[in-house]
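The values are calculated or read from the model by the stated rules, or taken from the named source; none is laboratory data. Predicted, not measured: the structure shown is a model, and the values here were computed from it. Glycine gets a Cβ as well: all are built from the backbone with ideal geometry, and neighbour counts include every protein chain shown. For accessibility, only protein heavy atoms count, side chains too; no ligands or nucleic acids. Shrake-Rupley method; radii C 1.70, N 1.55, O 1.52, S 1.80 Å.
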Amino acid sequence: MIITKNLLKTFVDIPKDIYDITYNSMIEVEAFEPINVATKLVTGHVLTCVDHPDSDHLHVTTVDLGNRIEKIVCGAPNVAAGQYVIVAQVGTILPGNIEIKSSIIRGQASNGMICSLQELGFDDAQIPEAFKDGIYAFDHEVELGKSALEVLYLDGWKMTLGLTPNRADLLSTLGFAYDLAAMTNQTVREPVHHVTESDVQNPVKVKIASAGCGRYDARYIENIKIKESPWWLKSELIARGMNPINNVVDISNYVLLAYGTPLHMFDASKIKTNEIVIRDAKDGETVISLDGQKRVLKPEDVVITNGKEPIAIAGVMGLANTMIDNKTTSVILEAAYFEPKRIQKTSKRLDMKSDASLRFERGIDDCRVRMGLERATELLIALADATVRSGIATAIHHVIEHPNIHLKKDYLFKLLGETIEDSLLEHYFKRYRYQYKTVEGGYDIMPPSDRNDLKIPADLVEEIARIHGLNTIPAVQETTLTNGVLNAKQIRNRRVRHLLADMGLQEAISYSLVPESDAQLYQNLGETLTVLQPMSEDKKALRQSLLNGLLAAATYNHARQAEHIRLFELGHVFAKGIETEHLAMVISGIWQQNLWQKTSVPVDFFVLKGLLERLFAYLKVDVLFEASSDKDYLHPHRQAVIMYGKEVIGFMGQIHPKTAKLHDIDDAYLAEINLDKLPVSPPSLTYQPLTRFPSVSRDLALVVDENVKIGELMAIITQTVQKHLVSLDLFDVYQGEHIAAGKKSLAFRLVFNDEKQTLARETVDKLIKKVVSRLSNLFDATVRN
């Protein structure tokens, strides 16, 4: 929302420290800047205009600036004697940091420049057609030497507010004025409107047949003349980046900005009846909106009809069948209150966002509906020479109830940290326009109708803190004796993050909300939880896997030529009655690369498995990896579940080619672990001295059935010689020549040590023989020659 000095000063006196008051006591300010950055622009009167003697397109002019006459060379084709123009004097700075200097143009001195609106920074769409290819000339006599920006109503500042969704009252200049007046102890100059009506009765009859409409007002206005708006009106739109269209459309937009009241105008001749009926849309009902798009409606939508067919989607957009055009002479002017939730759903589903729908979604002041209607009517009379038929067609379906909030003084003072005198509190209430009644121990308070964000006592405490001064609240030192510490789970999670970062992965944080259809795409924990009022359909359900966000991040990065992806996320997943903490990884591309030596290690199943093994070793957790094939988004022969004891705690594997294509990535390896199923506290550490005796290594090659799991073999080897085994590694798997069909050769390296003595060769031979004997009995293993 943008507030301008010119419009704000019609409601309140503007303090010199307006920026500080707004930022410190009202709302965040995103920008505070001049409406137009040009300097030293003045109005001038072209006294003479003759052709340049040495040019076929330049003109030599003399321009009266009020206090002096300057000679200016101008190249605009439409410059002429007698015009009142905008002049950039020598020393003027124009938008784009262009400085105007004295110059000699083909032998003629030129001391300034007669300006076009483009040179003042206007967009082409904001410039009247007659002046798009030349200088701008006023259509009336103006005071000479006066600031041209002031004459164009583009002087002063504009302030961009960083609004939060609850402050719907600040979506209008009048609403901002009320809050500023409260902070500065002023009274707002509330507008009073004077509408002259004709003797002809308003023929419109209004009926509300939908709970989505609280009230509806309509005026019948005729003999309208479509023309260009005056500068004071156009400047308010231009300052906010809006394009002036014509007086009728501009009036509607102006009232929206000034009062926060969305209006709509129908071409009365196109409505075809004198009846306005507001009803729920029929399921599947189709209409063509003002933007020419076909819209399919649902019963949750509210429509304005002529009693037979829709003529507008309530609170969102009008329809093509009643749009105003250059031939329009009579309009029906609408001002209404529509229920915010109904408009929000319609606007979101149809993807039709507008300034009007934004205000309806957040809730307009129902008591300001008539005010906006009358201001627009007044302006149509003044600027469009309109005639207004007698009476306002009105229907009220229901009255908006505003809450009565009970505020206990003890509660207020406890949260503020100080006591405020009753007289001062009541003074604050009056400045805020509260209706209040003193009761035992506190107050019953009804906020004004435009403050629909004030619903509970805590809201009032915040308001009192704002007006009392947040900087006056005493700072009290925390007296708790408990030092802040991390619990065991937080320590574990921090260690996990640091380890993964040390190994080259980057942490990602993704949304917990996903499309409802994708909630169980990678993991089914139970019944999906959905948000009652989602921001959008793609953020409706709580995720049941972290892979939704990680794969989306991988897709995003891959599309931007980041092909080597190493992401992890530690976060919560959800189902009905379930909330658990998971860890997930996605890696792809090259894991290690040495360009000088022309070597690289691509990401594969075993790189990911190695990362997981390093993680579990760091956490001192013994797990097993067992082959699986139940996850259809993973390669059927390159996936595994992770077992902790007898329980599955996670999975890993290569992404299925179809899934990879869906995410537009070449290849990737995924893993996800349920951290809640692992012990939180690490086992106590034990220390022992380094052995003084040498280790002995032996390589053992075994031939086993190809279906034998390597992990089971390694578990038996470890179990058999655990007392002396220091390390066990698999370094070769072979199938082919000299190996029988259906068999495979596995080569292990075993390292032995005894901390009390040097292991003799005979002792190591006995250990190997013991291993071979046991593997032979259990797996029919034979030593490969």
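Could you size up the charge dipole of the range 172-259 around its Cα centre, putting +1 on the beta carbon of Lys and Arg and -1 on that of Asp and Glu, and report it in debye to the nearest 20? Provide the component values of the computation, followed by the final result.
On the way: 9 positive and 9 negative charges, 42 e Å.
So the magnitude is around 200 debye.
Using DSSP, restrict attention to beta bridges with both residues in the chain and report what percent are antiparallel, rounded to the nearest 5.
In the chain, approximately 95 percent of DSSP beta bridges are antiparallel ones.
The charge dipole of the range 1-136, taken about the Cα centre with unit charges on the Cβ atoms of Lys, Arg (+1) and Asp, Glu (-1), comes to about 480 debye, rounded to the nearest 20.
If packing is taken as the average number of other Cβ atoms within 10 Å across a peptide's residues, how do 137-149, 452-464 rank, most packed first?
Details: 137-149: 15.2, 452-464: 17.5.
Result, highest mean first: 452-464, 137-149.
Put the Cα centre of the range 490-504 next to the Cα centre of the range 532-550 and the gap is 26 Å. Over the chain, accessible surface divided per residue gives 51 Å², non-protein components excluded, 1.4 Å probe.
Computed on the chain, with alpha-carbon pairs under 8 angstrom and 6+ residues apart, the relative contact order is 8 percent. Counted residue by residue at 0.36 nm each, then reduced by the alpha carbon distance between them, the extension gain from Glu285 to Ala209 reaches 25.7 nm. Projected label points at Asn243 and Asn166, each 7 Å from Cα along the beta carbon direction, are separated by 3.9 nanometres. Peptides 340-352, 189-201, ordered by how many other C-beta atoms sit within 10 Å of their residues on average, highest first, read 340-352, 189-201. To put it simply, the accessible area of the range 637-785 at a 1.4 Å probe is 51 percent carbon and sulfur. Projecting the Cα positions of Thr322, Gln757, Gln593 onto the charge dipole of the chain (unit charges on Cβ atoms of Lys, Arg, Asp and Glu, taken about the Cα centre) puts Gln757 furthest along the positive direction. Could you look at the range 65-112 and say what percent of its accessible area is carbon and sulfur, using a 1.4 Å probe and all protein chains? So the carbon and sulfur contribution to the accessible surface is 51 percent.
Answer rounded, prolate or oblate for the range 365-506, using the Cα gyration tensor with square roots of eigenvalues a ≥ b ≥ c: rounded when a/c is under 1.5, else prolate when a/b is larger than b/c, else oblate.
Details: a/c = 3.24, a/b = 1.67, b/c = 1.95.
It comes out oblate by the Cα gyration axes.
For the range 408-562, give the percent of accessible area contributed by carbon and sulfur heavy atoms, probe 1.4 Å, rounded to a whole number.
The nonpolar share, carbon plus sulfur, comes to 51 percent.
Projecting each Cα onto the charge dipole of the chain (Lys/Arg +1, Asp/Glu -1 at the beta carbon, about the Cα centre), which of Ser695, Leu615, Leu263 comes out farthest on the positive side? Highest projection toward the positive end goes to Ser695.
Just want to confirm a number: the relative contact order over the range 574-661, from Cα pairs under 8 angstrom separated by 6+ residues, in percent. The partial results should precede the final answer.
On the way: 101 pairs, mean separation 15.6, N = 88.
Relative contact order comes out at 18 percent.
Separation of the range 293-323 and the range 684-737, taken as the distance between their Cα centroids, equals 76 angstrom. Shape verdict for the range 423-537, please, from the Cα gyration tensor: rounded (a/c under 1.5), prolate (a/b greater than b/c) or oblate. Oblate.
Quick check: with the 1.4 Å probe, what order do Tyr734, Tyr153, Tyr443 take by accessible area, largest first?
Details: Tyr734 75, Tyr153 105, Tyr443 5 Å².
Of Tyr734, Tyr153, Tyr443, the descending order of accessible area is Tyr153, Tyr734, Tyr443.
In this structure, the residue pairs whose Cα-Cα separation is over 22 Å, taken from Lys272/Lys327; Lys132/Lys227; Lys345/Lys540; Lys598/Lys661; Lys298/Lys455; Lys576/Lys658, are Lys598/Lys661; Lys298/Lys455; Lys576/Lys658.
Working note: Debye formula, equal point scatterers on the alpha-carbon atoms of the range 49-167, no solvent; log10 I(q)/I(0) at q = 0.20, 0.22 Å⁻¹ is -1.24, -1.47. Other residues within the sphere of radius under 13 Å centred on the Cβ of Thr196, judged by their own Cβ, net out at -3 (K and R +1, D and E -1).
How high is the relative contact order of the range 320-367? Use alpha-carbon pairs under 8 Å, at least six apart in sequence, and give a whole percent.
Working: 22 pairs, mean separation 19.7, N = 48.
Result for the range 320-367 is 41 percent.
Computed from the Cβ-Cβ distance with R0 of 41 Å, the FRET efficiency linking Glu150 to Lys409 stands at 0.25. Computed extension length for Met643-Glu418: 75.2 nm, one decimal, from 0.36 nm per residue of separation with the Cα-Cα distance subtracted.
Asp155 sits among other residues whose Cβ lies under 12 Å from its own Cβ, and their net charge, with Lys and Arg +1 and Asp and Glu -1, is +3. Would you work out the charge dipole size for the chain about its Cα centre, treating the Cβ of every Lys and Arg as +1 and the Cβ of every Asp and Glu as -1, and quote it to the nearest 20 debye? Approximately 2480 debye in magnitude.
Farthest towards the positive end of the charge dipole of the chain, among the residues Ala376, Thr48, Phe574, is the Cα of Phe574, using unit charges on the Cβ of Lys, Arg, Asp and Glu. Each Lys or Arg adds one and each Asp or Glu takes one away; over the other residues whose Cβ falls under 10 Å from the Cβ of Asp604, this sums to +1. Counting only lysines at least 8 places from Lys756 when in the same chain, those with an alpha carbon closer than 30 Å to its own are Lys620, Lys723, Lys766, Lys769, Lys770.
Bin all alpha-carbon pair distances of the range 93-244 at 5 Å intervals from 0 and give each bin's fraction as a whole percent. For the range 93-244, the binned pair fractions read 1, 5, 9, 12, 13, 13, 13, 12, 8, 5, 3, 2, 1, 1, 0, 0 percent. Protection proxy ranking for 78-90, 306-318, 567-579, using the average of other Cβ atoms within 10 Å per residue and placing the highest first: 306-318, 78-90, 567-579.
The angle between the Cα long axis of helix 605-618 and the longest principal axis of the Cα atoms of the chain comes to about 80 degrees, rounded to the nearest 10. Using a ≥ b ≥ c from the Cα gyration tensor of the range 639-785 (square roots of the eigenvalues), is it rounded, prolate or oblate, where a/c under 1.5 gives rounded and otherwise the larger of a/b and b/c decides, a/b for prolate? Oblate, because a/c is 1.5 or more while a/b does not exceed b/c.
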